[in-house]
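Some notes on the structure that comes next.
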Amino acid sequence: MLRKFGMAALTAAAALHAAPAIAADMPKKGGTLVMITSQDPRHFNPAVQSGIATMGPGAHIFASLVRADAKWNIKPYLATSWTTSADGKSVTFKLRKNAKFSDGKPITSADVKFSIEIQKANHPFKTSLGAVTGVEAPDAHTVVVRLKHPHPALLLAMSTSIVPIIPKHVYGDGQNPKTHPRNSKNVVSSGAYILKEYKRGRHILLERNPNYFLKGRPYMDRIVYRIIRDSSSQVIAMERGEGNLAPYMAEVASIVRLKKSDKLVVTDQGYAGIGPVTWLAFNTKEGPTADVRVRRAIAYAIDRKFITEQLHRGVSTAATGPIVPGSPFYTKEVETYELDLKKAEALLDEAGHKKKADGTRLELTIDYIPFGPDVQQRIAEYARSALKKIGIKITVRNSPDFPTWARRISTWQFQMTMDLPFNWGDPVIGVHRSYLCNNVKKVIWSNTQQYCNREVDKILEAAGKETDQAKRRALYVKFQQILARDLPVYWIAVLPFHTAYDKNLGNPPLTIWGVISSMDDIYWKKQPK
């Protein structure tokens with residue numbers, strides 16, 4: 001049986017279709033999909049750049065070896081099959097023999113080997129291919145990935161634009177791949193679409209790749225990203241039919257408003273792999289928040305239910321631990337810190353923070369990312385009023401821009417901060433980084449909480465190598481229970497990302513990777529006028 005993350009000894013049958021199942025009605029070729037986005041990418045090479053701004057269009061420009069469906073199943077894509085060795089230390093991929101780049105040159109094992117090596121050396125997600133020790137290309141259509149230990153997250157990492165297949169004949173010219181001029185202009189594609197035009201702050205135009213290796217795909221003639229910064233203007237564009245698909249909507253009012261449209265579908269599906277979570281992070285080494293009793297008191301005083309049901313008007317779901325609901329490794333069997341002001345005050349008393357004459361016990365500062373007021377600033381401001389009830393005086397500290405916030409957090413100059421890291425599908429890729437002792441670094445989105453628990457390190461090391469799904473899940477359940485006890489962060493809600501799309505779109509992007517995976521099968525049931 002094919003395990004979800006593919007690291008048990010197996011061979012994927014070549015007869016499996018390379019694309020997700022399509023709708024019952026026959027897909028039609030032609031037309032333009034207009035996507036509304038606020039993202040303005042620095043460039044289009046996701047092998048060396050993380051973030052949805054690059055990964056979105058990058059997923060359409062570059063193919064990956066495999067892809068994932070809405071149920072976390074790994075499917076063939078550029079690779080038709082793969083076999084994992086009995087010891088789990090090598091994975092052999094068989095490639096399509098008809099695959100070409102957009103310039104007509106064949107896609108071979110040399111390109112795949114080169115792509116994996118470039119990603120491993122340059123991509124900020126070091127754990128995605130961290131276990132890879134080497135890549136071999138014994139013939140033009142065979143690739144062998146060597147591992148220092150079994151890597152159960154390997155195939156999931158390779159199912160999205162985290163590991164794109166880029167052309168060696170372009171990027172192998174000795175120039176720095178991070179600043180290569182072909183990252184933005186004259187981009188040679190291995191995927192369904194070609195970058196035709198990019199006007200910063202205005203639009204990105206992708207057109208069908210005539211050399212795409214899947215016959216008859218993509219169905220759309222082109223995809224246009226309209227870059228609109230203002231959320232209200234985005235909503236108006238969707239209501240007027242000037243946009244057909246708007247992903248990553250996070251403002252509650254916009255989501256609620258578009259749900260009333262009879263021309264649109266608004267859904268939170270398509271983000272399970274991304275796993276965005278809003279949390280309150282603590283400085284666990286300095287100040288009052290170094291005491292776990294203070295952290296627990298704060299958790300008992302913040303009403304997660306009020307945030308999801310009132311502040312977010314029911315469009316977000318609660319997050320109760322480091323792994324988000326929707327992941328096969330999530331468990332709800334943890335301490336959830338339901339609202340209990342008496343417990344909170346008792347913990348503060350125990351920690352030596354007695355009430356003063358004016359009712360205060362201590363003073364703390366909360367930072368927040370200057371993005372998405374519904375999921376950052378408003379929660380921070382709510383926390384100020386909530387914590388006042390147990391005698392904690394909160395100052396909400398504004399940052400004028402993201403670099404200012406990032407500098408404060410990455411240099412540990414904070415007491416508490418709102419944050420929104422992503423799980424990135426497998427815990428090895430997006431979760432481990434926040435809790436490992438050896439990742440306490442002055443780098444944003446590392447373990448900036450400075451949390452260190454050697455038992456947690458051992459569990460994560462074992463889980464990162466375990467190929468048996470049930471045993472691996474048991475390890476992550478234990479991990480979540482320990483984290484909920486130690487509380488280096490208080491997890492609040494899954495970021496309320498929603499996608500609005502035209503009801504006439506067939507095969508909307510609702511897999512676990514949503515719009516950061518290939519959309520070669522999306523089509524118009526009825527084209528807009």
Check: Could you name the lysines in cross-link range of residue 525, using Cα to Cα under 19 Å and dropping any fewer than eight places away on the same chain?
Finding: 28, 29, 263, 503
Next item on the list: Compute the long axis of helix 469-486 from its Cα atoms, compare it with the longest principal axis of the Cα atoms of the chain, and write down the angle in degrees, 0 to 90, nearest 10.
Entry: 30
Item checked: Qualifying aspartates and glutamates (Cα of each under 19 Å from Cα of residue 185; at least 8 residues distant if same chain) -> 40, 103, 173, 197, 207
Notebook entry, point to check: Top to bottom by accessible area (1.4 Å), largest first, where do 200, 295 land?
Noted result: 200, 295
Check: In the structure shown, do any of 196/529; 94/168; 305/478; 148/465 have a Cα-Cα gap over 20 Å, and if so which?
Finding: 196/529; 305/478
Notebook entry, point to check: Accessible area of residue 136, 1.4 Å probe, to the nearest 10 Å²?
Noted result: 80
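Sorting 185, 89 by accessible area (1.4 Å probe), largest first, what list results?
185, 89
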Note to self: Using the Karplus curve 6.51 cos²θ - 1.76 cosθ + 1.60 with θ = phi - 60°, what ³J(HN,Hα) values do you get for each residue of region 42-56, in whole Hz, with x for Gly and Pro?
What the structure shows: 5, 6, 10, 9, x, 5, 10, 9, 8, x, 5, 4, 8, 5, x
Next item on the list: Working from the alpha-carbon coordinates of region 88-201, get Rg over Rh, Rh being the Kirkwood radius.
Entry: 0.97
Next item on the list: Scale the Cα Rg of region 226-369 by the rule-of-thumb value 2.2 N^0.38 Å and send over the ratio, two decimals.
Entry: 1.36
Next item on the list: With a/c under 1.5 counting as rounded, go ahead and sort region 280-339 into rounded, prolate or oblate using the C-alpha gyration tensor (a ≥ b ≥ c being the square roots of the eigenvalues; past the cut-off, prolate if a/b is larger than b/c, else oblate).
Entry: oblate
Checklist line | Extension reserve of the residue 309-residue 98 stretch, reckoned as 0.36 nm per residue once the Cα distance is removed | finding: 70.8 nm
Note to self: Could you compute the net charge surrounding residue 499? Neighbours are other residues with a C-beta less than 14 Å from the C-beta of residue 499; K and R count +1, D and E count -1.
What the structure shows: -1
Notebook entry, point to check: If you wrap a convex hull around the Cα atoms of region 27-101, how much volume per residue is inside, in Å³?
Noted result: 177
Note to self: Around residue 381, under 15 Å between beta carbons, what's the net of Lys plus Arg minus Asp minus Glu among the other residues?
What the structure shows: +3
Check: Taking K and R as +1 and D and E as -1, what net charge do the other residues with C-beta under 12 Å from the C-beta of residue 39 add up to?
Finding: +3
Check: If one takes the longest principal axis of the Cα atoms in the chain, at what angle in degrees, from 0 to 90 and to the nearest 10, does the Cα axis of helix 341-350 lie?
Finding: 70
Notebook entry, point to check: Which value, in nm² and rounded to one decimal, describes the direction-averaged projected area of the C-alpha convex hull of the chain?
Noted result: 23.8
Checklist line | Accessible surface of the chain [probe 1.4 Å, protein heavy atoms]: carbon and sulfur percent | finding: 50
Notebook entry, point to check: With every protein chain left in place, what is the accessible area per residue of the chain in square angstrom, probe 1.4 Å?
Noted result: 40
Notebook entry, point to check: When the helix-only estimate is applied to the chain (DSSP H runs of n ≥ 4, each -39,500 (n - 2.57), divided by the residue count), what is the mean residue ellipticity at 222 nm, nearest 500 deg cm²/dmol?
Noted result: -6500 deg cm²/dmol
Next item on the list: Would you mind computing, in nm to one decimal, how far apart the modelled labels at residue 470 and residue 454 are, each placed 7 Å from Cα along Cα→Cβ?
Entry: 3.2
Checklist line | Which of 261, 218, 337, positive extreme of dipole for region 214-341 (C-beta unit charges) | finding: 218
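The values are calculated or read from the model by the stated rules, or taken from the named source; none is laboratory data. Quantities reported herein were computed from a predicted structural model and do not represent experimental measurements. Don't worry about glycine lacking a Cβ; one is built from the backbone with ideal geometry, like all the others, and counts go over all protein chains shown. Keep in mind that these areas ignore ligands, DNA and RNA; they rest on the heavy atoms of the full protein, side chains included. Shrake-Rupley method; radii C 1.70, N 1.55, O 1.52, S 1.80 Å.
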